[in-house]
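Since the structure comes first, as structure tokens, the remarks are kept for the end.
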């Protein structure tokens, strides 16, 4: 059992609706030292892949993606969710379905900050249905950049998003992949 | 002129409506090395203040606040903007006016992750009217924690938010405080 899995077991809660609550160290109060451990693990997994940029989606994945970018020595680009943000000029968009809010959300990245020469590692805190990741992969494909892979802290394996992306040939690396979750019983995939 | 001021002059754009666009290094594509320089500067300014936590507001301030928390060796807590997030239990809220969206927004922090013993440094990328900071200061006051100060990358001094907070006795430290901005002419406060 790795450190993240141990923290999930010891501090996480399973709430109705398959929600894994880890907001004491992951996505509300953020344990930066744990983020550094996750980032080192991610760097080791993707060693030698000449990553030029880390990408994520606002907001809760940003701390982990920031430390991963710091560890890899590359810039971070985070996709925004459509609203009246101060983004001008050429935008690359991808529409996804948000299961959290049960509505369509458009992910937006300014074309200026991505290039076909980029080798991009996508980093996020959670993956469930994989819709956000599908949107980011779509944006990277529209730019013509190379997707090196996707690194996730906590995958809800039982929701299938990660396996769909793996089936399409993407290197999806999850540090804690949960196969089954109910109060008092969280089972990780080997 | 410091490094951040130089980057604002060389790469920033002034858009209509007093918008300072720095999304090539600050709040869309994020230059993590620059964030580290800002974090070191912030650590030096607040040296010896026994900070126990960094706080910010989602979303664009999170990368800078994450590196500041890393530099200070403390956890990060980011306030959420009210929506159907997976936050249960005791919430501490503060209502602010968002000038970006011209509507009321409620900032939320789970009471579980703040304590009256905390000595909190608030970090954000931008300050204009200071509404978000006023909300965070309000939350810290409701918890009974100590506010060590506020560290801002780019203050739009001409919008007055920072000076209002300073007048109330708060140590507001801005790395680039802009007194005047029009295309081709950005003037920093000494």
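Bear in mind that the values in this text are calculations on the coordinates, not laboratory data. What you see is a predicted model; the values in this text were computed from it and never measured. For neighbour counting, all protein chains shown are included, and Cβ atoms are generated from backbone atoms with ideal geometry for every residue, glycine included.
Some observations on this one:
- Across identical copies of the chain, residue A:119 has label-point separations of 4.5 nm, listed in ascending order, with the point defined 7 angstrom from Cα along Cα→Cβ.
- Between segment A:102-122 and segment A:139-175, the alpha-carbon centres lie 14 Å apart.
- Helix A:32-45 and the longest principal axis of the C-alpha atoms of chain A enclose an angle of approximately 70°.
- Rounded tilt (10° steps) of A:131-143 against the dominant C-alpha axis of chain A: 20
- For residue A:144, the point set 7 Å out from Cα toward Cβ sits 6.2 nm from its twins in the other copies, listed from shortest up.
- Å³ per residue enclosed by the Cα convex hull of segment B:3-188: 113
- Only beta bridges with both residues in the protein assembly as shown are counted; by DSSP, about 50 percent of them are antiparallel.
- Relative contact order computed over chain B (Cα-Cα under 8 Å; 6+ residues apart), in percent: 19
- With a Förster radius of 22 Å applied to the C-beta separation of residue B:185 and residue B:100, the computed FRET efficiency comes to 0.40.
- GNM top mover of A:146, A:104, A:40 - chain A, alpha-carbon springs below 10 Å: A:104
- Label-to-label distance, residue A:45 versus residue A:119, with points set 7 angstrom from Cα along the beta-carbon direction: 1.8 nm.
- Dmax and Rg, reported as Rg then Dmax, of the protein assembly as shown (C-alpha, Å): 20.0, 61
- GNM result for chain A, Cα springs below 10 Å: residue of A:123, A:30, A:137 fluctuating most strongly: A:30
- Axis angle, to the nearest 10 degrees, between helix B:62-72 and the longest C-alpha principal axis of chain B: 70 degrees.
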